[in-house]
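Following: one structure in structure tokens, then a few remarks.
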Amino acid sequence: MTRTIQSLHRYLLLAVALLPLISLPSCQRKSIVEDVQIESVLISEFKMSDKSVPELEKTLFSIDHRKGLIYNARPLPKGTKIGTVKLQITAPQDALPKVYIGGVEQSATSGLDTVNMSNYAEGVRIVMQHRKNEALTKEYQLKINIYDRDPYTHTWTKSAHSAPASAMSEDILLSRLVDNGEAYYYFTRSASETHLWRATHKEPELWQEVTISNTLDSPIVDIVEQGGRDAILCLQESGQYTCYDYANGGDWAQSNALPDRPSYLLGNLYYKGENKPLVAVKSADGVHFNSKGGIRVPEAFPLERNARLSLTIEHHPVVLLVGGSVADTTALVYSTSNGLDWLTPHDAHMVSEIWPSNLPGAMIYEPQDQTILLAKPAARPKQAEHLAMQLYVSLDYGTVWQQLTEESILPSIYYEKGQKHQQGLALYRGDDGRIYLFGGIKGGTPTLWIGQPIRFQ
């Protein structure tokens, strides 16, 4: 019995002594393998950039780890050519990326190297491999989506209702369409008369002329949307403001003369319940923003003959102006958030490339896909190589513009060679996603066109 107990005690001591040796391989295996989780080779962010393709750098790529797929949900514009790009792959430090195009591994690739993607259609694989454990990998397929046609094409029909008759006048000096969120207002001015029309958001096809009060001391020269209610703010020739308030029974409320007599109405910033009209003032030494002592307006700044748009970006109001002299090589694009810092979103390395014209064009903002559409009459439409009307889209609030080329984007009459264009073009978006278009062409009847965007079908 005593011998049995001693033997058992000896075996227990031996087991305790061998325990560290038995557990050592397990600890080593855990430190090398089990502590390395799949998260250590997952891509958290993927970007591509190419100086010749500005849209590429702003393209958001989604990552589906379950399917092993990297893709851009919003396709790049039609005709985008992808060549040598700079890749930015964000992943844990121990993850080594390898890029394969058409089954061929690209040499010396890493998260920040340049890769020739011109053959991306042959298939792009990105394999993330753990530096300390080559058996641990995660593979992704890269899918680059590019529209095979312009996504802003429309099916066009004529409305049963006519457009404002004044849109077809051949002596228009200025036309303006504004949207205050409840109704659209369309204003035209000629040398002898002015007209004002209104259509509601509920009935965007039904335009009715508004009688301008005969008690005003001088003619109206321009209008701007009045935020917060169904009203517009008008600038008179005398420099006074007049508010037309439809919500208040069609009341015309004329203000006292303002200091420095504003000469141009550039827009309105409506934010947190307050309206901030933006003006320019003539003086003996030129034109200035806001007052005679304000910043000098650049000589080429589009004061009147501009496409104008007010929009809100991340709760900050912005006014965008596009225009410029025919003598310029490209139309100017200006934006401001306070009326003083009028900036050109482009610089010497990135011009707008909008065809210059002495006609202002028209813009609409489409918040459902954050795009700005700009329709602009050509400066010299009789030239065979240019369409009579140019259309552009911006995906980044006016910094970069892409020209749209398919003729179904506008009604065919707007593209006819030799077509004579004029002031009066209007473009606006209905709450249902359809867009409306009229004016801008000399002669004919005041036709209102309805465009059903194909991308919504």
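The values are calculated or read from the model by the stated rules, or taken from the named source; none is laboratory data. These figures come from a predicted structure and were not determined experimentally. Backbone-built Cβ (ideal geometry, glycine too); neighbour counts: all protein chains shown. The accessibility values were calculated without ligands, DNA or RNA, using every heavy atom of the protein model including side chains. Shrake-Rupley method; radii C 1.70, N 1.55, O 1.52, S 1.80 Å.
Give the accessible area for Lys158 in Å² (nearest 10); use a 1.4 Å probe, count only protein heavy atoms, and leave out ligands, DNA and RNA.
Estimated to the nearest 10 Å², Lys158 gives 130 Å².
How large is the accessible surface per residue of the chain, computed with a 1.4 Å probe and reported in Å² as a whole number? Numbers along the way, then the final one.
Details: 23330 Å² over 457 residues.
Here the per-residue accessible area is 51 Å².
Which of the three applies to the range 80-182, rounded, prolate or oblate, going by the alpha-carbon gyration tensor with a ≥ b ≥ c and a/c under 1.5 meaning rounded? Intermediate values should be presented prior to the final figure.
Numbers: a/c = 3.80, a/b = 3.29, b/c = 1.16.
Because a/c hits 1.5 or more and a/b exceeds b/c, the range 80-182 counts as prolate.
Rounded to the nearest 20 Debye, what is the dipole magnitude of the range 142-181 about its Cα centre when Lys and Arg each give +1 and Asp and Glu each give -1 at the C-beta?
Numbers: 4 positive and 5 negative charges, 47 e Å.
Dipole size: approximately 220 debye.
Ser283: net charge of surrounding residues, Cβ under 12 Å, Lys/Arg +1, Asp/Glu -1, itself excluded?
Details: positive: Arg261, Lys282, Lys292, Arg296; negative: Asp260, Asp285.
Within the 12 Å Cβ shell, the charges total +2.
When only the heavy atoms of the protein chains count and the probe is 1.4 Å, how do Thr336, Thr329 rank by accessible area, highest first? Walk me through the numbers before you get to the answer.
Values: Thr336 5, Thr329 130 Å².
Greatest to least solvent exposure: Thr329, Thr336.
Loop only per DSSP, at most 13 neighbouring Cβ atoms within 10 Å: give me the GluC sites (Glu not before Pro) in the range 52-140, ordered by residue number. Provide the component values of the computation, followed by the final result.
Working: sites: Glu55, Glu57, Glu105, Glu122, Glu134, Glu139; in loops: Glu134.
For GluC sites (Glu not before Pro) across the range 52-140 that sit outside H, G, I, E and B with at most 13 neighbouring Cβ atoms in 10 Å, the list reads Glu134.
Less than 12 Å Cβ to Cβ from Glu304, Lys/Arg counted +1 and Asp/Glu -1: what total charge do the surrounding residues give?
Details: positive: Arg176, Arg189, Arg305, Arg308; negative: Asp222.
Its environment carries a net charge of +3.
Counting only protein heavy atoms, what percent of the accessible surface of the chain is carbon or sulfur at a 1.4 Å probe? Let's see the in-between values first.
On the way: 11880 of 23330 Å².
Its accessible area is 51 percent carbon and sulfur atoms.
Kindly provide log₁₀ I(q)/I(0) values, in the same order as q = 0.06 Å⁻¹, from the Debye equation applied to equal alpha-carbon scatterers of the chain.
-0.39
Which whole-number percent is the relative contact order of the chain (Cα, under 8 Å, 6+ apart)?
11
Using only Cα atoms, find the angle between the long axis of helix 2-29 and the longest principal axis of the chain, and express it within 0 to 90 degrees, rounded to the nearest 10.
30
By per-residue mean of other Cβ atoms within 10 Å, what is the highest-first order of 90-96, 264-270? Walk me through the numbers on the way to the answer.
Values: 90-96: 15.3, 264-270: 22.3.
Going by the mean number of other Cβ atoms within 10 Å, highest first, we get 264-270, 90-96.
Report the relative contact order of the range 275-371, percent, no decimals, based on alpha-carbon pairs under 8 angstrom and at least 6 residues apart.
Numbers: 161 pairs, mean separation 21.3, N = 97.
With pairs under 8 Å counted, the relative contact order is 22 percent.
Quick one: compute the contact order of the range 194-295, relative version, from alpha carbon pairs under 8 angstrom and 6+ residues apart, as a percent. If you can, show how the numbers build up before the last one.
Details: 189 pairs, mean separation 16.4, N = 102.
Value for the range 194-295: 16 percent.
With every protein chain present, what accessible area does Thr155 have (1.4 Å probe, heavy atoms only), rounded to the nearest 10 Å²?
For Thr155, solvent-accessible area is about 70 Å².
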